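J.: Quick one: the structure is below, and I'll ask about it shortly.
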Amino acid sequence: MQTIQSIRGMNDILPADTACWSAAEAIIKSVVTRYGFQEIRFPIVEKTELFKRSIGEVTDIVEKEMYAFEDRNGDSLALRPEGTAGCVRACLENGLLAGQLQRFWYSGPMFRHERPQKGRYRQFHQIGLETFGMEGPLIDVELLLICQRIWQALELDDRVQLQLNSLGSPETRKAYRQALVDYLCQYKADLDEDSMRRLETNPLRILDSKNPKTQELVVNAPKLVDFFDGETQQYWDNLLKLLDDHGVSYQINTALVRGLDYYSHTVFEWVTNELGAQGTVCAGGRYDGLVELLGGKHTAAIGCAFGMERLVMLLSTKQFSDQKVDVYLVSVGEAAQIYGQLLAERIRNALPEIHLLMHAGAGNFKSQLKKADKSGADYAIILGENELENQQITLKSLRKDINQQLLSEIELIKTLTKAYTCQF
Ligand code: ATP
Ligand code: MG
């Protein structure tokens, strides 16, 4: 019979890699927890309307990438393409925002119908941070310091760079938008279909087009920084000063936009040049307008999301391998196997930290001991007919050249305790 294949762009994460994933997740979780972030979990499926309204109709995600479908009731639902919208929805629904300062993190799969390639998948994973109720720029800087601390903990700090931009206040963007449209209108013939449409609806988004021809045009386009009003300039100056004080290095990238109306002021990406075009490992920004757009009161907010596939690609799997075995239990014969499992449980009770692997298949002593050796275990516990008859257990060191010992169960547990307790 033919086997059934997975869906294109949706990957299995296999045991060889999961140690690396878990370690990266644990490091991020530990850093954000120390900064007072609390975990929030919300559904993978939401009403399509939520994403349309929050991400915006005129975006790649909503126009082309959403997994939207009708459920059996005829409701239009979608697999979440990102976490911010669901997070804000959950916060509003559960009254977590009113007059409160909040720091949340979440983790899980996101779905976008993109062309799969290295670093770009249809199911991918993000760890996201969202904060509410805090005007910048102190909290903006906190978020960037958290990212930096995470890069340091993962030993990636010299492989990712911070790119920074400001989208300014709504007034700043309004003035800029007109200037940008005037400029781009001169080059209508050179614009692709997407950009032509966005010229009317969302011109800022043209700035981060991935089309090389459009990118060339954009180089000489007016810069938002030249349209900063007083408030925006002051915010920007303060932000840069704080980052300088903390010794955070950054590059200003004026093409960096999140072309949605509710974004303002700080936007940033952490990029690497090791993953080709898919170089953004973490992206974030201030979205003071979103809570209101989703039916709440005006709420200051800033967040970011780590793309876990890209992040894990930068890590070496070996660096984080956690598959150690301390003791491998070898047993031959039915009675020895049954006793072996009882013994294994008693050892686990006495030494809860121990990594004990019980051989649970067929095989003679020789083949089982081969597996024990390959497992990397320090010791093999050997049980056969002889041992059972004499009520003794063989303990064999697999790494040191010392004689194997015949021990009672109590002696065995004592010996293992001595060997391992000082390590834990
Ligand atoms: P890109 O410009 O690479 O398409 P984006 O602006 O669509 O990214 P965001 O919505 O900001 O991405 O998502 C935050 C992060 O999630 C990205 O920086 C990236 O690391 C990761 N990410 C986004 N889309 C994908 C995908 N299809 N596959 C893997 N990771 C992704
Ligand atoms: Mg994208």
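J.: Just the number, please: percent antiparallel of the DSSP beta bridges in segment 327-420, rounded to the nearest 5.
T.: Numbers: 7 of 15 bridges.
Taking every DSSP beta bridge within segment 327-420, about 45 percent pair in antiparallel fashion.
J.: Between 392, 38, 186, which gets the highest mean-square fluctuation from a Gaussian network model of the chain, Cα cutoff 10 Å?
T.: 392
J.: Specify the residue with the greatest mean-square fluctuation among 394, 33, 266, computed from a Gaussian network of the chain linking alpha-carbon atoms under 10 Å apart.
T.: Most flexible of the set in this elastic network: 394.
J.: Right, something else. Whole-Hz Karplus ³J(HN,Hα) for segment 221-230, in order, using 6.51 cos²θ - 1.76 cosθ + 1.60 and θ = phi - 60°, x for Gly and Pro?
T.: Values, residue by residue: 5, x, 9, 4, 4, 6, 10, 4, 8, x Hz.
J.: By DSSP, what percent of the beta bridges with both residues in the chain are antiparallel, rounded to the nearest 5?
T.: Working: 47 of 59 bridges.
Of the beta bridges lying entirely in the chain, close to 80 percent run antiparallel.
J.: Could you pull the Cα extents of the chain along its three principal axes, largest to smallest, in whole Å?
T.: Cα extents, longest axis first: 93, 58, 43 Å.
J.: Mind checking which aspartates and glutamates have their Cα closer than 18 Å to the Cα of residue 118? Skip sequence neighbours fewer than 8 apart in that chain.
T.: Within reach: 12, 17, 65, 274, 309.
J.: Here is a follow-up. On each of the three principal axes of the Cα atoms of segment 222-265, give max minus min coordinate, whole Å, ordered largest first.
T.: So the extents along the principal axes, rounded to whole Å, are 30, 21, 21.
J.: Quick check: Cα centre of segment 292-357 to Cα centre of segment 44-84, how many Å?
T.: Rounded to whole Å, the Cα centres lie 33 Å apart.
J.: Rank these for me by crowding, 190, 12, going from fewest to most other beta carbons within 10 Å. It would help to have the intermediate numbers written out before the result.
T.: Details: 190 13, 12 6.
Exposure proxy ranking, most exposed first: 12, 190.
J.: On to the next question. Please find the FRET efficiency linking residue 178 to residue 38, where r is the Cβ-Cβ separation and R0 is fixed at 41 Å, and quote it to the nearest 0.05. Could the numbers behind the result be given before it?
T.: Details: r = 42 Å, r/R0 = 1.02.
That pair, residue 178 with residue 38, gives E of 0.45.
J.: Under 20 Å Cα to Cα from residue 370, which lysines show up? Leave out anything in the same chain fewer than 8 places away.
T.: Within the straight-line limit of under 20 Å, residue 370 reaches these lysines: 324, 396, 400.
J.: Normalised by the number of residues in segment 327-420, what is the relative contact order in percent for Cα pairs under 8 Å and 6+ residues apart? Show your work: numbers first, answer last.
T.: Values: 127 pairs, mean separation 29.0, N = 94.
For segment 327-420, the relative contact order is 31 percent.
J.: Helix-only estimate, please: 222 nm mean residue ellipticity of the chain, summing -39500 (n - 2.57) across DSSP H runs of length 4 or more and dividing by its residues, to the nearest 500. List each step's numbers first, then the result.
T.: Working: 14 runs with 160 residues, N = 424.
Computed ellipticity for the chain at 222 nm equals -11500 deg cm²/dmol.
J.: Please compute the contact order of segment 81-217 in relative form: average sequence separation of alpha-carbon pairs under 8 Å and at least six residues apart, divided by the residue count, as a percent. Intermediate results must be reported in sequence, preceding the final value.
T.: Numbers: 97 pairs, mean separation 20.2, N = 137.
Relative contact order for segment 81-217 comes out at 15 percent.
J.: Hey, what does the equivalent ellipsoid look like for segment 287-421, semi-axes from the Cα gyration tensor as sqrt of 5 times each eigenvalue, largest first, whole Å? List each step's numbers first, then the result.
T.: Numbers: eigenvalues 492, 59, 43 Å².
For segment 287-421, the ellipsoid semi-axes come out as 50, 17, 15 Å.
J.: Set the Förster radius R0 to 41 Å, insert the Cβ-Cβ distance between residue 215 and residue 371 as r into 1/(1 + (r/R0)^6), and round the FRET efficiency to 0.05.
T.: E(calc), rounded to 0.05, equals 0.15.
J.: Determine, for 164, 383, the number of other Cβ atoms within 10 Å of each Cβ, and report the residues in order from fewest to most.
T.: In order of increasing Cβ crowding within 10 Å: 164, 383.
J.: Between residue 229 and residue 364, with labels modelled 7 Å along Cα→Cβ, what's the label distance in nm to one decimal, could you check?
T.: 8.7 nm
J.: Could you tell me which residue out of 73, 99, 337 lies farthest along the dipole of the chain toward its positive end? Charges go on the beta carbon: Lys and Arg +1, Asp and Glu -1, centred on the Cα centre.
T.: Sorting the options by dipole projection puts first 337.
J.: Right, another one. On the principal axes of its Cα set, how long, how wide and how thick is segment 362-424? Give whole Å, largest value first.
T.: Taking the Cα atoms of segment 362-424, the three principal extents are 34, 28, 21 Å.
J.: Taking Cα pairs under 8 Å and at least six residues apart, what relative contact order does the chain come out at, in percent? Walk me through the intermediate numbers first.
T.: Values: 687 pairs, mean separation 63.3, N = 424.
Averaging sequence separation for qualifying contacts and normalising by length gives 15 percent for the chain.
J.: Also: Residue 64: which aspartates and glutamates have alpha carbons under 20 Å from its alpha carbon, excluding same-chain residues fewer than 8 sequence positions away?
T.: Partners within reach: 46, 49, 75, 82, 114, 192, 193, 194, 200, 208, 261.
J.: Where in segment 297-389 are there trypsin sites (Lys or Arg not before Pro) that are in a DSSP coil and have at most 16 other Cβ atoms within 10 angstrom of their Cβ? Each step should come with its number before you reach the end.
T.: Working: sites: 297, 310, 318, 324, 346, 348, 366, 370, 371, 374; in loops: 297, 324.
Those that pass, being in a loop and sparsely packed, are 297, 324.
J.: If one puts a single equal scatterer on every Cα of segment 20-104 and applies the Debye formula without solvent, what log₁₀ I(q)/I(0) results at q = 0.23 Å⁻¹?
T.: After summing over all Cα pairs, the log10 values are -1.08.
Where a number appears in this text, it was derived from the coordinates with a stated rule and is not lab data. Please read these numbers as outputs of a predicted model, since none were measured by experiment. So basically every Cβ, Gly included, is an ideal-geometry build from the backbone, and we count neighbours across all protein chains shown.
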